[in-house]
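The structure appears right after this line, and notes come after that.
Read-outs throughout are calculated quantities, based only on the coordinates presented, and are distinct from any laboratory measurement. Everything numeric here is computed off the predicted structure, so don't read it as measured data. Cβ sites come from the backbone with ideal geometry, for glycine too, and all protein chains shown count toward neighbours.
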Amino acid sequence: MSLAENHRKIIHVDMDAFFASVEQRDNPDLKGKPVAVGGNSGRGVIAAASYEARKYGVRSAMPSGLARRKCPHLIFVKHRFSVYKEVSQQIRSIFYDYTDLVEPLSLDEAFLDVTFNKKGYKSAIYIAREIRARIQEETDLTASAGVSINKFIAKVASDINKPDGLTVIMPDEVESFIEELPIEKFFGVGKATAQKMGRLGIKTGKDLKSQNQVDLIKWFGKFGVYLYKISRGEDYREVKPHRLRKSYSSEHTYNENLLNRDQLEEKLNTLSEQVSRGLQKVNLKGKTLTLKFRYGDFTTYTRSKTLSHYFNDLTTISGLSLELSTHILELEKGIRLLGVGLSNLNNQNSSTQLTIDF
């Protein structure tokens, strides 16, 4: 099976110069100026640098003295980690509006698996755009994102159009993308490894792909196995959330209000199918089904029912959804939004590969 036929929908979101950008946001006098977060003493180290400072070669983890020599007019700002953490939590709350499969890598970046998402959106690209727009609107900060079929490609892609960029690598573009990628851009390949590869004539992904696994292991040890697989776009690592999924749901806001029972039941069956399929793909079952509905006047209600056993089959989910829909008594007001969700989950995740449209 080819990569284009078997994939997840993964987004890697990376905040742009996060610490420095927060400082520039909170102090307008710093906007457009080279800013470094960190101590300015001889033993100080740069925690983050604004893009204005990066133009002079200032980078995170650089000694402050060296940074000052590179950029004499560099402005040093003391870190405020409590503020960065608070903003990070604000950003993550946006992620969780779309999926519980969020794997934070640090305060300023995370992987999201949106293959089956809470909004019921089919397009990972649309989700990435919406998330970036919400981050800017709600925090006044910018984020870059990469969208592709696995974690490796998504992470590399997120760095291509920084700052404030979105890069999408479609399934049928993965092979050529990797082949053209400079070896220094491969996640996990540091300066020393890149230099060793250069001496071996390995300068691009295509060069790497031409090597056999035995030689790569001989040259790079266990890391050679990773290099062999990643040069072929093979990265089946799951997005591992740092919190248990508490519910799984799908909801949709309709362009035109639903006004009759036939329309209502048709949409409920569609939502139930999405929830059932998504739960089965990640090997989850639940005991409580919740129906959410919003009338045309924006009043919103939920109704729930709990069974004594776990379930994720379409028959049970659809049946309970239709049963709970009898509480929708004012169809003449029109239904603007419907949602179906399952909670009280067994939280037994398993590894699986998915075959779906990107």
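Relative to the current alpha-carbon distance between Asp215 and Gln280, full extension at 0.36 nm per residue lengthens the span by 19.4 nm. Remark on region 49-97: ratio of C-alpha radius of gyration to 2.2 N^0.38 Å is 1.51.
Temperature 37 °C, viscosity 0.692 mPa s: under these conditions the Stokes-Einstein estimate for region 96-240, based on its Kirkwood radius over C-alpha pairs, is 200 µm² per second. Computed from backbone phi, the HN-Hα couplings of region 151-168 come to 5, 4, 5, 4, 5, 4, 5, 5, 8, 6, 10, 6, x, 6, x, 9, 10, 10 Hz, rounded to whole numbers (Karplus: 6.51 cos²θ - 1.76 cosθ + 1.60, θ = phi - 60°; Gly and Pro given as x).
Ranking Gly296, Leu268, His309 by how far each Cα lies toward the positive end of the dipole of region 267-332 (charges on Cβ) leaves His309 at the top. Of the residues Ser123, Ser60, Pro241, the one whose Cα sits farthest towards the positive end of the charge dipole of the chain is Ser60 (charges of +1 on Lys and Arg Cβ, -1 on Asp and Glu Cβ, taken about the Cα centre).
Please give the calculated 222 nm ellipticity per residue for the chain, where each DSSP H segment of at least 4 residues contributes -39500 (n - 2.57) and the sum is spread over every residue; nearest 500 deg cm²/dmol? Mean residue ellipticity, 222 nm, calculated: -10500 deg cm²/dmol. The charge dipole of region 247-343, taken about its Cα centre with unit charges on the Cβ of Lys, Arg, Asp and Glu (plus for the first two, minus for the last two), comes to roughly 420 debye. For region 140-145, the Karplus equation 6.51 cos²θ - 1.76 cosθ + 1.60, evaluated at θ = phi - 60°, returns couplings of 6, 10, 10, 9, 10, 9 Hz by residue, with Gly and Pro reported as x.
Database remark: amide H of Val45 closer than 5 angstrom to the amide H of Gly39, Ser64 (H placed geometrically; neighbours at sequence offset of 5 or more, or on other chains; Pro and chain starts carry no H).
Residues whose amide H comes within less than 5 Å of that of Leu166, counting only those at least five positions distant or on another chain, are Ala145 (H built at 1.01 Å from N in the peptide plane). What the pair-distance distribution of region 203-358 shows, using all Cα-Cα distances binned every 10 Å from zero, is 10, 30, 22, 15, 11, 9, 3, 0 percent. The stretch between Gln263 and Glu173 holds 28.5 nm of extra length on full extension. This uses 0.36 nm per residue minus the Cα-Cα distance.
Amide H to amide H distances under 5 Å link Thr204 with Ile183, where only residues 5 or more positions off or on other chains count and H is placed in the peptide plane. Think of each Lys and Arg Cβ as +1 and each Asp and Glu Cβ as -1; about the Cα centre, that makes the dipole of the chain roughly 1620 debye. Put in order of Cβ neighbour count within 10 Å, fewest first, the listed residues Tyr248, Tyr96, Tyr84 become Tyr96, Tyr84, Tyr248. Take every Cα pair under 8 Å whose residues are at least 6 apart in sequence, average their separation, divide by the length of the chain, and the relative contact order is 17 percent. Computed from the Cβ-Cβ distance with R0 of 45 Å, the FRET efficiency linking Glu330 to Ser247 stands at 0.95.
Divide the volume of the convex hull around the Cα atoms of the chain by the residue count and you get 166 Å³ per residue.
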